[in-house]
1. Most exposed first by the Cβ proxy, i.e. fewest other Cβ within 10 Å, how do 46, 27 rank?
2. In µm²/s, what is D for the chain at 20 °C and 1.002 mPa s, where D = kT/(6 pi eta Rh) by Stokes-Einstein and Rh is the Kirkwood radius from Cα pairs?
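Coordinate-derived values only; no laboratory data. None of the values given here were measured: they were computed from a predicted structure. A quick note on method: Cβ atoms are made from the backbone with ideal geometry, for glycine too, and the neighbour counts reach across all protein chains shown.
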């Protein structure tokens with residue numbers, strides 16, 4: 001990754017908190033505002049790379 005990513009606040013936070021990418025925070029914000037996932041929902045991640053959305057979805061549907 002270029003140096004611009006390594007200085008990004010959410011990139012650093014994601015690496016520290018164990019998320020695969022900073023995109024996790026986009027889904028966390030959507031989930032917090034709109035509650036798009038509920039317990040026991042089934043989630044299919046068709047992109048699957050790098051996988052941070054699936055990490056968040058797993059937490060939200062437990």
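1. Lowest count first: 46, 27.
2. Rounded, D is 174 µm²/s.
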